[in-house]
1. Looking only at the stretch 250-259, count every residue that is more than 16 Å from the chain's Cα centre (by Cα) and either on the phi > 0 side of the Ramachandran plot or open to solvent by 10 Å² or more (accessible area, probe 1.4 Å) (or both) and tell me the total.
2. Within the bounds of the stretch 92-112, is there any residue that is closer than 24 Å to T145 by Cβ, of a type in the set (V, I, T) and either touching a residue at least 40 places away in the same chain (Cβ under 8 Å) or loosely packed, with under 14 Cβ neighbours inside 10 Å (or both)?
3. Applying the selection to the stretch 274-291, what residues are in contact with an Asp or Glu (Cβ under 7 Å, 6 or more places away or on another chain) and either loosely packed, with under 15 Cβ neighbours inside 10 Å or not in a loop (DSSP other than H, G, I, E, B) (or both)?
4. Would you mind stating whether R211 is exposed (fewer than 15 other Cβ atoms within 10 Å of the Cβ), touching a helix residue (DSSP H, G or I) at 6+ places or on another chain (Cβ under 7 Å) and without any contact (Cβ under 8 Å) to a residue 60 or more places away in the chain?
5. Is the stretch 113-129 home to any residue that is out of contact with any helix residue (DSSP H, G or I) (no Cβ under 9 Å at 6 or more places or on another chain), in a helix (DSSP H, G or I), of a type outside the set (A, V, I, L, M) and open to solvent by less than 50 Å² (accessible area, probe 1.4 Å)?
6. Does S89 qualify as being under 19 Å from A33 (Cβ atoms), of a type in the set (S, T, N, Q), without any contact (Cβ under 8 Å) to a residue 60 or more places away in the chain and touching a helix residue (DSSP H, G or I) at 6+ places or on another chain (Cβ under 8 Å)?
7. Step by step: first the residues of the stretch 196-210, then only those that are farther than 18 Å from I7 by Cβ and not in a helix (DSSP H, G or I), then the one that is nearest to the chain's Cα centre (by Cα). Which residue is that?
Amino acid sequence: MTTFEVILLGTGSPLPSNERCGGAQLVLSGEQAVLIDCGWGAARRLMAAGVPLPRVDTVCFTHMHSDHITDLPDFLIMRWTGGATNPLSIYGPEGTRVMVEGFLAGLAPDIGFRFAHHGEKLSREGIQCVVHEIPATPDVSHAVTIGELEIGAFEVDHWPVKPALGFHVRRGGASVVFSGDTKRCETLGRAAAGADVLVCEALHAGMMMDRVRFLRARGDERLAQILEEACEYHISPVAAAELARDAGVKRLVLTHIIPPIPNEGPAVEQFMAGMSDVFAGEIIVGRDLQRITVEE
């Protein structure tokens, strides 16, 4: 039986949460460790998961929203000072190169100070990045092969964030699809067809509107409108369940939980309401550091 593992490092969003860090997932397959997004808190969650940061040689970014990228500087420095001796390979949509170059420019003084202090105890190559910008295609297109992992990318609908990607990861006969941030779209449905696991973002509009009404009641119209607009480009839990059903997905894992909810209790039940009516497979509302086995 072909198996590998996904660790949900961060299941949150830009909205503050004590329990959920920014978007990040780790794929573990033998000696291979591939990071999908690197949102706030990802490096800390890697350590909590017991994964040495130098073990991660590849990062794939879905898009350039802050909650998916802002822990890259911490990850780079901790990976490097932790003993990495090879460059980090980075894959992502157009805009990834500018993002990485910007973060490295901001880190340049720190890197210089550490070389001045520690010299060749630190690898010159270990702080370098090799960036590959990959196309946003309507169907899954091959991005990279890492050991036994075949990683493909496809475009999703997170307009006005364009391009935005999802990722399809396969090892042998086992596969997992990461939606990235998106509303329901045909490209995600096709990519998820027959997947063993779909890791899909989800926004509960009803729970968001509760927050909107609260903000309007206290006179914060600006933030109320921002939260309303956020509902326009995310998929709902029930729509995710419908997509999983139509695509023949075996297990559905929700992440990028909006609005933030506790890991257990009535809010989780409210978030999942109606999903089991349309999808008969296993449904998981993900939590940080949760491990998901992907198998045929």
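The values are calculated or read from the model by the stated rules, or taken from the named source; none is laboratory data. If you're wondering where the values come from, they're calculated on a predicted model, not measured in any experiment. A quick note on method: Cβ atoms are made from the backbone with ideal geometry, for glycine too, and the neighbour counts reach across all protein chains shown. Note: areas computed on protein heavy atoms with side chains; ligands, DNA, RNA excluded. Shrake-Rupley method; radii C 1.70, N 1.55, O 1.52, S 1.80 Å.
1. The initial filter retains those residues of the stretch 250-259 that are more than 16 Å from the chain's Cα centre (by Cα), namely 250-251, 259.
Adding the requirement that they be either on the phi > 0 side of the Ramachandran plot or open to solvent by 10 Å² or more (accessible area, probe 1.4 Å) (or both) leaves 250-251.
Qualifying residue count for the region: 2.
2. No.
3. Scanning the stretch 274-291 gives a single hit, R291.
4. On the way: exposed (fewer than 15 other Cβ atoms within 10 Å of the Cβ): no; touching a helix residue (DSSP H, G or I) at 6+ places or on another chain (Cβ under 7 Å): yes; without any contact (Cβ under 8 Å) to a residue 60 or more places away in the chain: yes.
Criteria not met by R211.
5. Yes, some residue in the stretch 113-129 is out of contact with any helix residue (DSSP H, G or I) (no Cβ under 9 Å at 6 or more places or on another chain), in a helix (DSSP H, G or I), of a type outside the set (A, V, I, L, M) and open to solvent by less than 50 Å² (accessible area, probe 1.4 Å).
6. Details: under 19 Å from A33 (Cβ atoms): yes; of a type in the set (S, T, N, Q): yes; without any contact (Cβ under 8 Å) to a residue 60 or more places away in the chain: yes; touching a helix residue (DSSP H, G or I) at 6+ places or on another chain (Cβ under 8 Å): no.
Against the criterion (under 19 Å from A33 (Cβ atoms), of a type in the set (S, T, N, Q), without any contact (Cβ under 8 Å) to a residue 60 or more places away in the chain and touching a helix residue (DSSP H, G or I) at 6+ places or on another chain (Cβ under 8 Å)), S89 does not qualify.
7. A202
For every residue, the table says whether it meets (1) touching a Phe, Trp or Tyr at 6+ places or on another chain (Cβ under 8 Å); (2) on the phi > 0 side of the Ramachandran plot; (3) among the small types (G, A, S).
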position	(1), (2), (3)
S123	yes, no, yes
G126	yes, no, yes
T145	no, no, no
L149	yes, no, no
A153	yes, no, yes
V156	no, no, no
L165	yes, no, no
D181	yes, no, no
